[in-house]
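Let me begin by presenting the structure, written as structure tokens, before commenting on it.
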Amino acid sequence: MRFDTVIRHGTVVTASDTFLADVGIKDGKVAALALGLTDADEIIDATGLFVMPGGIDSHVHLDQPSGDGIVMADDFDSGTRSAAIGGNSTVLAFCMQEKGQSLREALKVYHAKADGKCHVDVSFHLVITDPTAEVLGQELPALVEDGYTSLKIFMTYEGLRLRDDEILATLDAARRTGALVMVHCENEDAIRYLIGRHEEEGKFAPKFHATTRPVAAEREATHRALSLAEIVDVPIVIVHVSNREAMEEIRRARERGQKIAGETCPQYLVLTADDLDQDALEGAKYVCSPPPRDKASQDACWQGLEQGVFDLFSSDHCPFRFDDPQGKLNEKGKRHFRWIPNGIPGVATRLPILFSEGVMKGRLDINRFVALTSTNHAKLYGLYPRKGTIAIGADADIALWDPNRSVTLTNAMLKHGADYTPYEGLDIRGWPVRLLLRGKTIVNDGRTVGDADRRGSYLARQRSSMVQ
Ligand code: DUC
Ligand code: ZN
Ligand code: ZN
């Protein structure tokens, strides 16, 4: 067979195997894995490189309205460009339902934001904020059939949070339709109470974002979400887990026989609450929820990645500009932490941080890296085996990694819309030097190629592997 492209002399890495092979690509798919493939229009020399599935980041916020004049720093154009720079070929972003809005209307809005603008493939999780009988009983079943097979619910944020009866109704609809529910676990009432107490004590600096959202508020909500899922008898994903106590809740639920997936994120490995405690409002750069914790929590999250508490390593990319009246330092945010928008940029830095801090420092083997950053996302969110692996018939979404490339992170190289990265100056070993999306190179040596082409497509998805 003559191939469109052959990647030669690389080391192919999947979630299960590491082997020397050339990769033959035809019509955007992997068509051969063998030694000595030479007959192709384009030969890419991957000597000394790892040939891995492109990253799949299943937790990314793009172009979401935040109210109060706050504007998210990335739309689907800049956010997916940044994703590609960081070695990702697919992102799963959120489609946020406004109160009173139908899910179909919300999807229309988000498709208009995304369609034709994406540099990598994209799919949407629904965010359900208004779980009416019509939304759960009429809309959701049809949307799951149409390939919108996952949704997120919040236990925090007035206006977004669901109460327990609403959570139960949503979980029950998920059970009936085969949708997979992601849960943001923090106890809103406890957080409100603590914000009130901080206000009485005159505590308004960014660092108090962390002390009003303690581990106990996350642990309690995690326990409650897991218990409600047990009662309904449905699998769930606990997203952005920050600490050992929430991890223990996941472990215990699994011991009871529940099907649970766990997710953690880079901020819980390399940031701590001390990063919020800096002069001149600098700490606002690190405000996200749940907040980064302490060194012991970082160690716990590393263990969770190694030992399988976590199935997913995602960015929770939720970017706001720092020095901007529409961002972190809006007028109210300068005076009170509760008005600093929650979230940090990270779609481009997720993979390099885990590769450098995990694989290169000997904490994770490289197959587990692939599982945590690509394969498990594809399986859990219904994209496998089209995405998330290098196998005959799979999309040729391939990242070439140079384990010897040293990079010091700067904001400018990440090409996102935020004016900072929380990881400025971090030394990284190992970098995704080239990225192919369905067989076409879209990033080479840190630069986008054919940037105007915006080759990303929308992906309808199957049901989750956990739901079968
Ligand atoms: N939850 C997220 O998942 N992302 C950003 C903010 C938040 O609270
Ligand atoms: Zn969340
Ligand atoms: Zn998020």
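The values are calculated or read from the model by the stated rules, or taken from the named source; none is laboratory data. Because the structure is a prediction, the values reported are computed rather than measured. Heads up, the Cβs are rebuilt from the backbone with ideal geometry, glycines too, and the neighbour counts pull from every protein chain shown. Heads up: the accessible areas ignore ligands, DNA and RNA and are worked out on the full protein's heavy atoms, side chains in. Shrake-Rupley method; radii C 1.70, N 1.55, O 1.52, S 1.80 Å.
Could you pull the accessible area for Ile442 with a 1.4 Å probe, rounded to 10 Å²?
10 Å²
Remind me, relative contact order of the chain in percent, using alpha carbon pairs under 8 angstrom and six or more residues apart?
Reported relative contact order: 22 percent.
Against the longest principal axis of the chain, how steep is helix 295-307, in degrees 0 to 90 to the nearest 10, with axes from Cα atoms?
Tilt of helix 295-307: around 50 degrees.
For n ≥ 4 DSSP H runs only, could you compute -39500 (n - 2.57) per run for the chain, divide by its residues and tell me the 222 nm figure to the nearest 500?
Only helices count here, giving -7500 deg cm²/dmol.
Report the Cα centroid-to-centroid distance between segment 303-346 and segment 24-85 in angstrom, as an integer.
23 Å
Extension gain Ile43-Asp27, at 0.36 nm per residue separation less the Cα-Cα distance, in nm?
4.2 nm
With a 1.4 Å probe and all protein chains kept in place, how do Val91, Val109 rank by accessible area, largest first?
The ordering from most to least exposed comes out as Val109, Val91.
Go through segment 164-259 and name the GluC sites (Glu not before Pro) that are in a DSSP coil and have 14 or fewer other Cβ atoms within 10 Å of their Cβ.
Glu201
For a Förster distance of 41 Å, can you work out the FRET efficiency between the beta-carbons of Asp365 and Glu331, rounded to the nearest 0.05?
Plugging the Cβ-Cβ distance into 1/(1 + (r/R0)^6) gives 0.25.
Give, as a single signed number, the net charge of other residues whose beta carbon lies under 15 Å from the beta carbon of Gly116, with Lys and Arg counted +1 and Asp and Glu -1.
It works out to a net charge of -1.
For segment 253-274 and segment 389-468, compute the distance between their C-alpha centroids and round to whole Å.
Using only Cα atoms, the two centres lie 23 Å from each other.
Sort Phe19, Phe369 by accessible area with a 1.4 Å probe, largest first.
Ranking Phe19, Phe369 by accessible area, largest first, yields Phe19, Phe369.
Arg455: accessible area at probe 1.4 Å, nearest 10 Å²?
Roughly 90 Å² of Arg455 is accessible to a 1.4 Å probe.
Where both residues lie in the chain, what percent of DSSP beta bridges are antiparallel, nearest 5?
45 percent
Assuming 0.36 nm per residue, please report the length gained on full extension of the stretch Gln307 to Asp172 beyond their Cα-Cα distance.
Contour length minus Cα-Cα distance gives 45.6 nm.
Name the shape class, rounded, prolate or oblate, that the alpha-carbon gyration tensor gives for segment 55-359, where a ≥ b ≥ c are the square roots of its eigenvalues, rounded holds for a/c under 1.5, and otherwise prolate holds if a/b is larger than b/c and oblate otherwise.
rounded
Rounded, prolate or oblate for segment 73-114? Axes are the square roots of the Cα gyration tensor eigenvalues, ordered a ≥ b ≥ c, and the cut-off for rounded is a/c under 1.5.
Verdict is prolate for segment 73-114.
Which whole-number percent gives the relative contact order of segment 43-202, counting Cα pairs below 8 Å spaced six or more residues apart?
17 percent
If each of Lys203 and Asp427 carries a label point 7 Å out from its Cα toward its Cβ, how far apart are those two points in nm?
Placing both labels 7 Å beyond Cα along the Cβ direction yields 3.6 nm.
When the accessible area of the chain is computed with all protein chains present and a 1.4 Å probe, what percentage of it is carbon and sulfur?
47 percent
Roughly how tilted is helix 188-200, in degrees to the nearest 10 and between 0 and 90, from the longest Cα axis of the chain?
60 degrees
Please give me the summed charge of the neighbours of Ser315: other residues whose Cβ is under 12 Å from its Cβ, Lys and Arg +1, Asp and Glu -1.
Summing Lys/Arg as +1 and Asp/Glu as -1 gives -3.
Per residue, how much accessible surface does segment 55-359 expose to a 1.4 Å probe? Answer in Å², no decimals.
33 Å²
Helix 244-255 sits at what angle to the longest principal axis of the chain, using alpha carbons and giving 0 to 90 degrees rounded to 10?
70 degrees
If I stretch the segment between Ala34 and Arg2 completely, what's the gain in nm (0.36 nm per residue apart, minus their alpha carbon distance), one decimal?
10.2 nm
Please work out the FRET efficiency for the pair Ala142 and Arg163, using the Cβ-Cβ distance as r and a Förster radius of 25 Å; give the result to the nearest 0.05.
Result of the calculation: an efficiency of 0.45.
Over segment 26-118, what is the relative contact order in percent, taking alpha-carbon pairs closer than 8 angstrom and at least six residues apart?
That works out to 28 percent.
To the nearest 10 Å², what's Val407's accessible area with a 1.4 Å probe?
Roll a 1.4 Å probe over it and Val407 shows about 20 Å².
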